[in-house]
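Okay, so here's the structure we're looking at.
Read-outs: derived from the displayed coordinates by stated rules, not from any lab. Please read all numbers here as calculations on a predicted model, not as lab measurements. A quick note on method: Cβ atoms are made from the backbone with ideal geometry, for glycine too, and the neighbour counts reach across all protein chains shown.
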Amino acid sequence: MTADGEQHPTTNEAGAGLVVEHITHRFPLPGAGLFGRHPGFRTVLDDLSLTVPPGSLTAIVGPSGCGKSTLLKVLAGLLIPASGRAEVNGTPLIGRPGGVAYHPQQDALLPWLTTLDNATLGAEIAGQSRAEARTRARALLDRFGLAGTERAWPDELSGGMRQRVSLLRSSLMPQPALLLDEPFGALDALTRRQLQFWLLDITAAERRPTLLVTHDIEEALLLADRVIVLSPVPAGIVHIEDRPDAELRREQREHGADHPAAQRILAALGPGSGT
Ligand SMILES: Nc1ncnc2c1ncn2[C@@H]1O[C@H](COP(=O)(O)OP(=O)(O)OP(=O)(O)O)[C@@H](O)[C@H]1O
Ligand SMILES: [Mg+2]
């Protein structure tokens with residue numbers, strides 16, 4: 001729904017893609033007590049619904065602390081919401097970890113694994129053979145700016161490199177939807193640009209519905225078929241910006257950003273939103 005209350009149509013065919021319906025999530029208030037002696041809850045997600053068709057990318061922007069990472073954790077099966085349902089291509093996601101390829105906001109590299117082994121871990125856990133996962137990872141090392149780091153330990157990598165290993169891991173996971181929580185946040189401008197174009201390419205090629213959390217409005221305008229703006233906590237949808245096709249978005253990027261769309265998103269975020 002837009003800020004003016006208009007309903008947007010669901011764009012995908014029945015059952016296909018990522019479908020999220022009426023998700024509400026609450027966290028216990030600080031000091032609520034282990035056994036609920038002083039129960040109290042704070043609503044963080046407020047009746048959120050969205051649909052991401054196959055081959056399409058939806059970007060989520062919103063003020064810091066509004067609930068973006070919480071939404072992705074719910075969809076990744078790591079948090080159980082108070083209510084709502086979510087599925088990808090008809091398969092339920094709530095309370096079922098491993099249903100989607102998920103890139104958390106903080107990289108989750110294992111310190112005792114090398115770059116290559118960290119990169120292939122998610123694919124292996126999902127049942128892919130190590131040899132196949134390694135072949136796919138090696139083919140992408142260069143594009144991810146990780147050539148020569150195959151045998152490095154996470155401690156030996158910069159923050160940006162760690163983030164790229166983590167992104168490589170998520171992208172190699174074979175699950176039918178991809179959830180990315182600020183995957184480019186710690187990257188330099190050139191690498192960020194290269195990986196943004198890589199993401200555009202794989203979204204089109206792999207046809208996976210993709211959800212991208214970002215604070216970068218230009219990034220959202222380039223990468224997303226649809227940008228969803230969330231309100232401050234409890235997060236609800238305050239604006240939906242539907243975007244032209246990827247080719248036109250690339251052209252707009254070449255000639256400067258799409259200013260009217262950026263203005264609409266900024267207006268929906270409100271003054272001092274912190275995004
Ligand atoms: N495990 C938790 N227990 C209690 N409250 C939590 C927990 N995790 C997050 N929160 C609260 O829920 C709200 C939303 O957090 P979340 O991490 O989803 O925000 P976000 O939109 O991803 O923010 P940012 O843009 O800074 O990453 C915040 O107020 C946060 O303090
Ligand atoms: Mg977050």
Let me have the relative contact order for the chain, percent, based on Cα pairs under 8 Å that are six or more residues apart. 26
In the stretch 24-133, the chymotrypsin sites (Phe, Trp or Tyr not before Pro) that fall in loop regions by DSSP, at most 13 other Cβ within 10 Å: Phe35, Trp112
Other-chain or far-sequence residues with amide H under 5 Å of Ala152's (modelled H): Thr115, Leu116
Give the whole-number value, in cubic angstrom per residue, of the convex hull volume spanned by the C-alpha atoms of the stretch 138-223. 98
Between Glu247 and Glu218, the two model label points (7 Å from Cα along the beta-carbon direction) sit apart by a distance in nm of 2.5
Mind pulling up the Rg/Rh value for the chain? Radius of gyration and Kirkwood radius, both on Cα. 0.97
³J(HN,Hα) across the stretch 195-202 via Karplus (A = 6.51, B = -1.76, C = 1.60, θ = phi - 60°), whole Hz, x for Gly/Pro? 6, 4, 5, 4, 5, 4, 4, 6
Calculate the FRET efficiency for Phe41 and Gln106 from the Cβ-Cβ distance with a Förster distance of 25 Å, rounded to the nearest 0.05. 0.50
Each residue of the stretch 166-175 in turn: what ³J(HN,Hα) in whole Hz from Karplus with 6.51, -1.76, 1.60 and θ = phi - 60°, glycine and Pro shown as x? 5, 5, 4, 4, 5, 6, 7, 5, x, 4
Full-extension gain in nm, Arg193 to Leu29, via 0.36 nm per residue minus C-alpha separation: 55.1 nm
Surface/4 of the Cα convex hull for the stretch 54-180, nm²: 8.7
Each residue of the stretch 84-100 in turn: what ³J(HN,Hα) in whole Hz from Karplus with 6.51, -1.76, 1.60 and θ = phi - 60°, glycine and Pro shown as x? x, 9, 8, 8, 10, 6, x, 9, x, 10, 5, x, 10, x, x, x, 9
Those trypsin sites (Lys or Arg not before Pro) from the stretch 158-239 that are DSSP loop and have at most 15 other Cβ neighbours within 10 Å turn out to be Arg207
Between His22 and Gln263, what length in nm is gained on full extension when 0.36 nm per residue of separation is reduced by their alpha carbon distance? 84.0 nm
Return the loop-located GluC sites (Glu not before Pro) in the stretch 88-152 (DSSP other than H, G, I, E, B) with at most 15 other Cβ atoms within 10 Å of their own Cβ; answer none if there are none. Glu150
Set the Förster radius R0 to 41 Å, insert the Cβ-Cβ distance between Asn89 and Glu150 as r into 1/(1 + (r/R0)^6), and round the FRET efficiency to 0.05. 0.75
